[in-house]
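Student: Dropping a structure here in structure tokens format, bear with me for questions.
The values are calculated or read from the model by the stated rules, or taken from the named source; none is laboratory data. Only a predicted model underlies this, so the values are computations on that prediction, with no experimental measurement involved. Cβ: placed from backbone, ideal geometry, glycine included. Neighbour counts: every protein chain shown.
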Amino acid sequence: MCDAHLLDLCDADNAVLLVIDPQGKIFRMAFNTDVLALMINKVMKVADLYGLPVVLTEQYPKGLGPTVSEVREVYDALATEKHFFEKNYFGCCGEPGFNELIAELADKVRAKRAGDPNRPVDIIVVGIETQVCVQQTVLELLKQGYRVVVLEDCTGSRVKQYHEIAIKRFRQCGAIISNFESLSFEWTRTKDNQCFKAMSNIVKEGL
């Protein structure tokens, strides 16, 4: 039987957005690089619209380079609470201080949200590479009891097959596999939402 919380729609007041390592040459080598920056930027903009905390990580930037400029520009312009986090561990959760940061943000989410007090906080995961840094992070976050939502169209790898295998593993381990547009409409829920028009305009960007 499916865990009841897996059936819950995503709520904007119950989530943290985690953007993993959209950096340098590796990002440019992703099989879906032509659209990946656009999709990551769109989900950051909708997260900003709803006031979600956003965490941007970089893996060993001295060696791999910084976040690609088009993503960093959108991140820097966010008005919502945001945190930049450098790491050497592939999985974010291995890096000292990361788990504490996510726990702190999750506590803030719980303090503001309404509804089921036992509902796990959603960690929305995007970035690269799906089979390495994203995968190790997703599995550790699941072990810690978060409800992890991986946006398939906002993650990428150098090899499409590796990406697909990682996505399959996430699903087998209990993560929710979704996409940017589905998440955005779940957060909005109704055309009467005051953010609907702005959200819809973000969804249409690049189309």
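Student: Residues being under 14 Å from Thr137 (Cα atoms) and either of a type in the set (S, T, N, Q) or modelled with pLDDT under 95 (or both): count how many of those fall in the stretch 148-179.
Tutor: 1
Student: Then there is this: Does Leu36 satisfy the criteria of being at pLDDT below 95 and in contact with a strand residue (DSSP E or B) (Cβ under 7 Å, 6 or more places away or on another chain)?
Tutor: On the way: at pLDDT below 95: no; in contact with a strand residue (DSSP E or B) (Cβ under 7 Å, 6 or more places away or on another chain): yes.
No; evaluated as a whole, the condition is false for this residue.
Student: Contact list please: Cβ distance under 9 Å, first residue in the stretch 150-178 and free of Cβ contacts under 8 Å to residues at least 12 places away in the same chain, second residue surrounded by 22 or more Cβ atoms within 10 Å (Cβ to Cβ), pairs at least six apart or on different chains.
Tutor: Glu164/Thr130; Glu164/Ser157; Arg171/Val150
Student: Still on this structure, please answer the following. Could you please let me know if Ser182 is modelled with pLDDT of 95 or more, more than 28 Å from Lys25 (Cβ to Cβ) and either polar (S, T, N, Q) or loosely packed, with under 15 Cβ neighbours inside 10 Å (or both)?
Tutor: Criteria met by Ser182.
Student: Could you identify the single residue in Ala30, Ala47 that is of a type in the set (A, V, I, L, M, F, W, C) and closer than 16 Å to Ala15 by Cβ?
Tutor: Answer to the selection: Ala47.
Student: Here's another thing I want to ask about it. Please tell me if Ala103 is modelled with pLDDT of 95 or more and closer than 21 Å to Cys154 by Cβ. Lay out the reasoning, then the answer.
Tutor: On the way: modelled with pLDDT of 95 or more: yes; closer than 21 Å to Cys154 by Cβ: no.
Against the criterion (modelled with pLDDT of 95 or more and closer than 21 Å to Cys154 by Cβ), Ala103 does not qualify.
Student: Sticking with this structure for a sec: If you take the residues of the stretch 110-124 that are closer than 11 Å to Arg147 by Cβ and not charged (D, E, K, R), which of them is surrounded by the fewest Cβ atoms within 10 Å (Cβ to Cβ)?
Tutor: Pro120
Student: For Thr155, state whether it is closer than 22 Å to Leu6 by Cα and within 15 Å of the chain's Cα centre (by Cα).
Tutor: The answer is yes for Thr155.
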